[in-house]
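Heads up: the structure comes next, in structure tokens.
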Amino acid sequence: DVGEGCADGGHVTAHDRAGAGGGAVGQCVVEGGGEQGPQRRAVRVESWADAQSFYPTQYKLLESRGLAERVVRDLRLAENPAFNPTRGRLLGAGAARPSTAEDDAAELSGLARRVQGGLGVKPIRNTRLVEISYVAHDPELAALVANGVAEAYIDWGVELRSETVGRASSFLAS
């Protein structure tokens with residue numbers, strides 16, 4: 001197994017898929033209601049109607065370009081030779097001119113599209129679990145990216161809740 005914990009106890013493992021190169025598959029909890037244990041990182045959904053839009057929205061967020069860009073930055077994938085074999089050119093080695101902010105943004109966007117291209121997000125029927133997979137020729141890279149997506153999603157949710165609490169505290173203090 002290659003990988004580490006994901007969300008509330010899911011685990012990402014890497015394995016070879018027949019004829020498809022390497023791949024990593026893991027499961028993460030997408031919480032929408034019920035009891036909140038001390039280790040849960042969840043957003044509560046109060047009604048069935050809310051759940052009907054909540055979960056599909058979360059799945060789309062897991063597949064989003066913004067989250068993929070965060071994964072590229074967090075994992076430093078631009079510098080990873082297994083993910084980005086042209087990294088020497090991108091980091092300025094032998095470049096005819098220094099890169100601009102536009103060059104950097106275009107490169108980040110291209111690498112994020114590569115993350116999205118290998119990413120799979122599949123809800124597990126009758127559960128609050130979602131399977132996050134990434135397909136790559138290198139199983140360790142596949143596990144790294146699949147874990148990175150799960151961790152970026154969790155971090156994004158924690159940051160969002162912190163911002164919401166901060167705004168509420170400011171409002172109540174005024």
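The values are calculated or read from the model by the stated rules, or taken from the named source; none is laboratory data. Note that the structure is predicted; figures quoted are calculated from it, not measured. Ideal geometry is used to build each Cβ from the backbone, glycine not excepted, and the neighbour counts take in all protein chains shown. Side chains are part of the model used for accessible areas, which takes the heavy atoms of the whole protein and leaves out ligands, DNA and RNA. Shrake-Rupley method; radii C 1.70, N 1.55, O 1.52, S 1.80 Å.
Ranking E131, E102, E63 from most to least accessible surface, computed with a 1.4 Å probe over the protein chains only, gives E102, E63, E131.
What does the C-alpha gyration tensor say about the overall shape of region 133-174? Classify as rounded when a/c is under 1.5, otherwise prolate if a/b is larger than b/c, or oblate.
Values: a/c = 8.70, a/b = 7.02, b/c = 1.24.
Cα axes put region 133-174 in the prolate bin.
Rounded to the nearest 0.05, the FRET efficiency derived from the C-beta distance between S53 and E79 at R0 = 45 Å is 0.75. Note on region 71-174: Cα Rg divided by 2.2 N^0.38 Å, N the number of residues, gives 1.41. Spacing of the modelled spin labels on R113 and L160, each 7 Å from Cα toward Cβ, amounts to 2.6 nm.
Please go through region 106-167 and write out the trypsin sites (Lys or Arg not before Pro) that DSSP classes as loop and that have at most 10 other C-beta atoms within 10 Å.
The qualifying sites are R125.
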